[in-house]
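Participant: Dropping a structure here in structure tokens format, bear with me for questions.
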Amino acid sequence: MNDIAKVIIIGSGPAGYTAGLYAARATLSPILFKGSAPNLPGGQLMLTSDVENYPGFPKSIQGPELMESFLSQAKRFGCIMIDENIVEVDFKKRPFKIISESKKEYLAEAVIIATGANAQLLGLPKEKELMASGAGVSACATCDGAFYKNAEVFVIGGGDTAMEEALFLTKFAKGVTVIHRSENFKASRIMLERARRNQKISWMLNQEVKEILTAKSESQNREYLSGLLLSNTASGQKSEVIGEGMFVAIGHKPNTELFAQFLKLDERGYIKTLGQSSKTEIPGVFAAGDVQDSVYRQAVTAAGSGCMAAIDAERFLEAYPGKE
């Protein structure tokens, strides 16, 4: 491809689609690629059933349906969609070079990175299926906690994220059990003590989850989580616990491998942006959504930062238009 695009967007979740919408409405003719392998096209909402906390949908909406709406709106205003991943980038000079998995080369005066972050899962059978169907497995208490009112739920992990998830879930659940494979925690002392003081939280230490137990709902004709099979990490003794929800809180992995040689990453691998903007230290390269946000990780904040990135890119191109 010899033509130089004004803006190329890498990533197709809430941040990427919103950036595409705003850039298209600014007549920048953006080209949007679905992402960088192995991240999920459409983002983590493609693994989410009911979304109740996205503004404008008081009766909730399915995650994939919401992403389809994002996609349709961006296409309506002229965002060009290419159903390929990006496998290589070169940010050493403008125009920036982007190579797709079909080995096609694209050039762009500005690039918006919106490749997201994937929740780390346990890798158990049925785990992803139950998460996608909203049937007892989640990696986001803020997103799904309200579905577990008066339920017994489990939080898997021993870091600050696990403590935060457990504390948040006590607002809804009857009881929250933290399951951790050790007696030693990565959580900060203040977060651990806060969780220990909460009477709704109980603890199962030196335990790891070996299997997700399920039952079948005849009315809905689907399986749902009914408990967990645990194994003691010291003795190997097996035990079963009964509950309705499992929240995996063992961390997120931002999809930044493709950009690590060019951009500054923080200690957890997220792209560093300048101040409150979407700008990276390379002029003309911007980052939006969960790929640069280790704190909030919500669809609505990702969409907001996609808007910011498109506006930042538009202003950059006005100041430094590059080659026509």
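The values are calculated or read from the model by the stated rules, or taken from the named source; none is laboratory data. This is a predicted model, so every value here is computed, not measured. Quick reminder, even Gly has a Cβ in these numbers, built from the backbone with ideal geometry, and neighbours come from all protein chains shown. All accessible areas refer to the heavy atoms of the entire protein, side chains included, with ligands and DNA or RNA removed. Shrake-Rupley method; radii C 1.70, N 1.55, O 1.52, S 1.80 Å.
Participant: Could you list, in sequence order, the residues of the range 286-306 that are out of contact with any Lys or Arg (no Cβ under 8 Å at 6 or more places or on another chain) and open to solvent by less than 30 Å² (accessible area, probe 1.4 Å)?
Facilitator: To start, the set of residues in the range 286-306 that are out of contact with any Lys or Arg (no Cβ under 8 Å at 6 or more places or on another chain) comprises 287-289, 291, 293, 295-306.
Within the range 286-306, Ala287, Ala288, Gly289, Val291, Asp293, Ala299, Ala302, Ala303, Ser305, Gly306 qualify.
Participant: Separate question: With the checklist (1) over 30 Å from Ile4 (Cα atoms); (2) more than 19 Å from the chain's Cα centre (by Cα); (3) of a type in the set (A, V, I, L, M) in hand, flag the one item Leu107 doesn't pass.
Facilitator: All conditions are met except number (1).
Here is a yes/no grid of residues against (1) part of a helix (DSSP H, G or I); (2) more than 25 Å from Gly134 (Cβ to Cβ):
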site: Gly236; (1), (2): no, yes
site: Ile250; (1), (2): no, no
site: Leu263; (1), (2): no, yes
site: Arg268; (1), (2): no, yes
site: Gln276; (1), (2): no, yes
site: Pro283; (1), (2): no, yes
site: Asp293; (1), (2): no, no
site: Ala302; (1), (2): yes, no
site: Phe316; (1), (2): yes, yes
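Participant: What tally of residues in the range 264-282 results from selecting those that are over 20 Å from the mean Cα position of the chain (by Cα) and of a type in the set (A, V, I, L, M)?
Facilitator: Residues meeting the conditions: 2.
Participant: Kindly provide the set of residues from the range 228-238 that are among the hydrophobic types (A, V, I, L, M, F, W, C) and either more than 26 Å from the chain's Cα centre (by Cα) or open to solvent by 40 Å² or more (accessible area, probe 1.4 Å) (or both), ordered by number.
Facilitator: Leu229, Leu230, Ala234
Quick grid of which residues meet (1) assigned to a strand (DSSP E or B); (2) touching a Lys or Arg at 6+ places or on another chain (Cβ under 8 Å):
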position	(1), (2)
Met67	no, no
Ala135	no, yes
Val153	yes, no
Val176	yes, yes
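Participant: So Phe247 fits all but one of (1) in contact (Cβ under 8 Å) with a residue 12 or more places away in the chain; (2) open to solvent by 60 Å² or more (accessible area, probe 1.4 Å); what number is the exception?
Facilitator: Here Phe247 clears every test but (2).
Participant: Go through (1) within 23 Å of Leu28 (Cα to Cα); (2) not in a helix (DSSP H, G or I) and name the single condition Val241 misses.
Facilitator: It is condition (1) that Val241 fails.
Participant: Among Leu225, Leu205, which is touching an Asp or Glu at 6+ places or on another chain (Cβ under 8 Å), surrounded by 15 or more Cβ atoms within 10 Å (Cβ to Cβ) and under 16 Å from Tyr148 (Cβ atoms)?
Facilitator: Leu225
Participant: Continuing with this model, one more query. Quick check on my filter: what residues within the range 122-158 are out of contact with any Leu (no Cβ under 8 Å at 6 or more places or on another chain) and under 20 Å from Gln292 (Cα atoms)?
Facilitator: Cys140, Thr142, Cys143
To keep it simple, each residue is scored yes or no on (1) within 24 Å of Asn232 (Cβ to Cβ); (2) buried (at least 17 other Cβ atoms within 10 Å of the Cβ); (3) modelled with pLDDT under 95; (4) under 19 Å from the mean Cα position of the chain (by Cα).
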site: Thr142; (1), (2), (3), (4): no, no, yes, yes
site: Val153; (1), (2), (3), (4): yes, yes, no, no
site: Glu164; (1), (2), (3), (4): no, yes, yes, yes
site: Thr170; (1), (2), (3), (4): no, yes, no, no
site: Thr177; (1), (2), (3), (4): yes, yes, no, no
site: Ala187; (1), (2), (3), (4): yes, yes, yes, no
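Participant: Checking the structure you have, find out if any residue of the range 86-93 is within 21 Å of the chain's Cα centre (by Cα) and in a strand (DSSP E or B).
Facilitator: Checked against the condition, which is being within 21 Å of the chain's Cα centre (by Cα) and in a strand (DSSP E or B), the range 86-93 yields at least one hit.
Participant: Could I ask something else about it? Could you list, in sequence order, the residues of the range 266-283 that are in contact with a strand residue (DSSP E or B) (Cβ under 8 Å, 6 or more places away or on another chain) and surrounded by 16 or more Cβ atoms within 10 Å (Cβ to Cβ)?
Facilitator: Correct list: Gly269, Tyr270, Ile271, Thr273, Ser278, Lys279, Thr280.
Participant: What do you reckon, is Val111 in a strand (DSSP E or B), among the hydrophobic types (A, V, I, L, M, F, W, C), more than 30 Å from Asp312 (Cβ to Cβ) and in contact (Cβ under 8 Å) with a residue 24 or more places away in the chain? Give the steps one after another, and end with the answer.
Facilitator: On the way: in a strand (DSSP E or B): yes; among the hydrophobic types (A, V, I, L, M, F, W, C): yes; more than 30 Å from Asp312 (Cβ to Cβ): no; in contact (Cβ under 8 Å) with a residue 24 or more places away in the chain: yes.
It is false that Val111 is in a strand (DSSP E or B), among the hydrophobic types (A, V, I, L, M, F, W, C), more than 30 Å from Asp312 (Cβ to Cβ) and in contact (Cβ under 8 Å) with a residue 24 or more places away in the chain.
Participant: Oh, and also: If you check every pair at least six apart or on different chains, which have Cβ atoms under 8 Å apart with a residue in the range 66-88 that is at positive phi first and a residue that is assigned to a helix (DSSP H, G or I) second?
Facilitator: Final answer for the pair search is Gly78/Ala24.
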